[in-house]
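One structure is given below, encoded as structure tokens.
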Amino acid sequence: MSEKAWISTSVPYLAPRNGEERSDAWAVEAAARGGKGSQRIVHAGEVPAPGTVAALLGLADGVPVVVRRRVIEFDGEPCELTDTYYPVDIARGTRLAETLKIRGGAVALLAELGHVGVRVREDVTARMPDTGEREALRMGRDEPVLRVARVTLDSQDRPIQVDMMTMPAHRQRLHYEITIG
């Protein structure tokens with residue numbers, strides 16, 4: 001891992017932010033690191049659910065879902081690709097299906113819509129990026145990526161959001177702190 005490696009935790013992205021904390025969680029994390037965090041929403045709308053996403057949402061392959069595709073940047077450099085998927089009965093006709101930024105983030109909007117996550121599962125894998133990912137992240141041919149698949153469940157154990165995140169492995173260290181009991 002290089003000295004530019006990012007130590008990241010998922011926790012700030014899982015709960016709705018309120019009051020002064022309605023600002024973008026990524027912008028806050030990047031500022032704490034001395035930089036500027038931003039994101040570009042490159043697509044939002046309905047798509048057929050890819051197999052992995054459908055399974056995580058408990059849906060059949062190809063069922064329509066709403067996706068928000070983003071390029072996450074640090075000081076103007078791409079550092080992560082994130083596709084966030086929602087069941088259409090939650091997201092259709094909401095700001096989740098639009099390319100505009102959402103004040104306070106999607107998690108805050110989900111809470112306003114009555115969908116609060118109470119449990120999260122993450123699976124982390126490493127692999128070589130495809131050509132599109134390599135180009136979007138400005139990586140070399142021999143550099144692997146980490147793929148984080150996160151599913152957020154509500155109090156009824158219903159999946160309400162799936163995040164598929166792709167990031168250069170050599171620039172990342174994922175940090176998890178878990179409280180038991």
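The values are calculated or read from the model by the stated rules, or taken from the named source; none is laboratory data. On a predicted model such as this, the values are computed, not experimentally measured, just so you know. Counting neighbours? That spans all protein chains shown, and the Cβs are built from the backbone with ideal geometry, glycine included.
Worth pointing out:
- Selection of region 64-123 for residues being among the basic types (Lys, Arg), part of a loop (DSSP other than H, G, I, E, B) and free of Cβ contacts under 8 Å to residues at least 60 places away in the same chain yields only Arg92.
- Among the residues of region 38-49, just one is surrounded by 17 or more Cβ atoms within 10 Å (Cβ to Cβ) and either over 25 Å from Glu77 (Cα atoms) or over 14 Å from the mean Cα position of the chain (by Cα) (or both), namely Ala49.
- Leading residue by the ranking (surrounded by the most Cβ atoms within 10 Å (Cβ to Cβ)) among those in region 116-147 that are among the aliphatic types (A, V, I, L, M) and within 13 Å of Met167 (Cα to Cα): Val145
- Checking Ser38 against (1) modelled with pLDDT of 90 or more; (2) assigned to a strand (DSSP E or B), the condition it does not meet: (1)
- Restricting region 60-82 to residues that are touching a helix residue (DSSP H, G or I) at 6+ places or on another chain (Cβ under 8 Å) and surrounded by 17 or more Cβ atoms within 10 Å (Cβ to Cβ), the residue that is farthest from Gly34 (Cα to Cα): Val65
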